[in-house]
Amino acid sequence: KKRQCCVQNSVGTMTVFLDVKDEHEVVPLIPAENLREFLRTADSLSNQKKKIRKFYQRQNDAIHGFLDMSDHQKNVKDGKSSVPVSSQEIRRVIMISFGANVVLLVLKVVAAIWSLSLALIASAVDSFLDLLSGSILFYTERAGKSRDPYKYPQGKSRMEPIGIIVFAAMMGMASLQLMNESIQYIVAGFTSDSVYHLNMTALPITAFSLTLVCKLGLYLYCRSVLKSHPDSEIVRALMQDHRNDMFSNVLGFAVALFAANAPDFWYFDPIGGILLAMCIFVTWISTALEQIGNLIGVSAPAEFIGQLTYLAASHHPKISRVDKVLAYHFGTRYLCEIDIVLPPDLPLKIAHNIGEALEIEIEALYEVERAFVHLDFESTHKPEHKLPGM
């Protein structure tokens, strides 16, 4: 009979038919170096239809992912860790952002008080919340590293997404309050003659120009760090915050300057405050929803599950089948469950060593928080665990 060896990835299901007489007959996978033969070059795809070109591009991405797993296996066997040492760099990002936000908050408060602009006041409130967010993220980063094996046997890595959710809730409430104040300002301006005249002199203009330059530098710095540590939610949150600050500062500065030089259009200033508050609200609510999904346990992307499947199938020649592969968020990283099938007459010592070595390989991946490998001698049984919610 024929058995199928399936690897689920972003393309769909990659199926390789193997001539196998018995379920426990061991058939080696295609060697990693031979996978390169299936890669399609950009020149060969240039004349293809869009759907075909997209299919092979995704297939190339899947093969590159398998090759990365093969390189990872070699690194683990050679004693080289695939996990980047990032704690010091991440701490440096947090401290630099925190210090810069303190200085920028002072500049914005002075400019907002001097100009009497609601848009600039909204921007100053945003900077205060940036300062608060830096404090929360710094605390959660430290709390996540401290370990108490008796009280928190699984560690406290989920403190990071919880901190981001708390901060996002604060940003949302502050944004709603800013919108309320701006609407009241517009209503009062049209129903009475109590319209404030903005004072956009050299002081607020200079302060906000310095703010824009600093925020651009902080954004570029965080983006460069995120390239080397793509799974750091702290750095990603700070980068998003600096990016949003650039847009909000430009918006607030532009409407305040326009309203100051065109008194008949005084209402542009509170409208700018409303738009700024709405942008902050939408951005951080979406961030909170993403982190809530991570805490609940949303599944890892199909590409990553396919890479785990390849890693398990190519781990040891005695593995005849990969029965189940699960990977889902456990905070910012993944918890993995993998079932492998070994020969029924394999000694316990050898079977244990195979499973333990596979766990070590998987947990050496930076994206993985914890891995559990289940050893079995057949794959026709019912699921070992009850279904969630039952």
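The values are calculated or read from the model by the stated rules, or taken from the named source; none is laboratory data. Just so it is clear, the structure is predicted and the values come from calculations on it, not from any experiment. All Cβ positions, even for glycine, are placed from backbone atoms using ideal geometry, and neighbour counts span all protein chains on display. In case anyone asks, the SASA skips ligands and DNA or RNA and just uses the protein heavy atoms, side chains included. Shrake-Rupley method; radii C 1.70, N 1.55, O 1.52, S 1.80 Å.
Could you name every one of the helices (runs of 4 or more DSSP H) located completely within segment 1-91 that has at least 2 residues being modelled with pLDDT of 80 or more?
Values: elements: 32-35, 42-45, 50-77.
Because the criterion is at least 2 residues that are modelled with pLDDT of 80 or more, the helices (runs of 4 or more DSSP H) in segment 1-91 that meet it are 42-45, 50-77.
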Query - Residue ID - nearest to residue 303 (Cα to Cα), chosen from residues in segment 40-57 that are of a type in the set (S, T, N, Q), loosely packed, with under 10 Cβ neighbours inside 10 Å and over 32 Å from the mean Cα position of the chain (by Cα) - result: 46
Report summary line: Among the residues of segment 221-280, the number that are within 20 Å of residue 173 (Cβ to Cβ) and either under 21 Å from the mean Cα position of the chain (by Cα) or among the hydroxyl-bearing types (Ser, Thr, Tyr) (or both) is 8
Report summary line: When segment 259-276 is checked residue by residue, the ones that are part of a helix (DSSP H, G or I), of a type outside the set (A, V, I, L, M) and either within 20 Å of residue 188 (Cα to Cα) or open to solvent by less than 10 Å² (accessible area, probe 1.4 Å) (or both) are 263, 264, 265, 268, 269, 270, 272, 273
Query raised in the report: Would you call residue 254 in a helix (DSSP H, G or I) and surrounded by fewer than 20 Cβ atoms within 10 Å (Cβ to Cβ)?
Result: yes
Report summary line: When segment 334-377 is checked residue by residue, the ones that are of a type in the set (Asp, Glu) and over 18 Å from residue 72 (Cα atoms) are 337, 339, 345, 376
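If a residue must be assigned to a helix (DSSP H, G or I), open to solvent by 10 Å² or more (accessible area, probe 1.4 Å) and out of contact with any Asp or Glu (no Cβ under 8 Å at 6 or more places or on another chain), how many such residues does segment 107-123 contain?
Filtering segment 107-123 down to residues assigned to a helix (DSSP H, G or I) leaves 107-115, 118-123.
Add one more test, that the residue is open to solvent by 10 Å² or more (accessible area, probe 1.4 Å), and what stays is 107, 109-110, 113-114, 118, 121.
Right, trim to out of contact with any Asp or Glu (no Cβ under 8 Å at 6 or more places or on another chain) and you get 107, 109-110, 113-114, 121.
Selection size over segment 107-123: 6.
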Requested in this report: Find all pairs meeting these conditions: Cβ atoms under 9 angstrom apart; at least six residues apart or on different chains; first residue within segment 251-273 and free of Cβ contacts under 8 Å to residues at least 12 places away in the same chain; second residue of a type in the set (Gly, Ala, Ser).
Outcome: 258/272; 265/259
Report summary line: Matching residues in segment 125-167 (at pLDDT below 70 and among the β-branched types (Val, Ile, Thr)) number 2
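Okay, residues lined up against (1) closer than 30 Å to residue 228 by Cα; (2) open to solvent by 20 Å² or more (accessible area, probe 1.4 Å):
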position: 327; (1), (2): yes, no
position: 340; (1), (2): no, no
position: 347; (1), (2): no, yes
position: 354; (1), (2): no, no
position: 360; (1), (2): yes, yes
position: 376; (1), (2): no, yes
position: 383; (1), (2): no, yes
Query - Counted residues, segment 93-106 - those being open to solvent by 50 Å² or more (accessible area, probe 1.4 Å) and more than 27 Å from residue 230 (Cα to Cα) - result: 2
Report task. Output the qualifying pairs, or none if there are none: Cβ atoms under 9 angstrom, residues six or more apart or on different chains, first residue in segment 170-183 and over 13 Å from residue 275 (Cα atoms) and part of a helix (DSSP H, G or I), second residue open to solvent by 70 Å² or more (accessible area, probe 1.4 Å) and not small (Gly, Ala, Ser). Result -> 174/128
Query raised in the report: Given the structure, is residue 316 out of contact with any strand residue (DSSP E or B) (no Cβ under 8 Å at 6 or more places or on another chain), surrounded by fewer than 21 Cβ atoms within 10 Å (Cβ to Cβ) and not in a helix (DSSP H, G or I)?
Result: yes
Report summary line: Checked pairs for segment 289-305, first open to solvent by 40 Å² or more (accessible area, probe 1.4 Å), second of a type in the set (Phe, Trp, Tyr) and not in a helix (DSSP H, G or I), C-beta under 8 Å and 6 or more apart or across chains, list as 298/328; 299/328
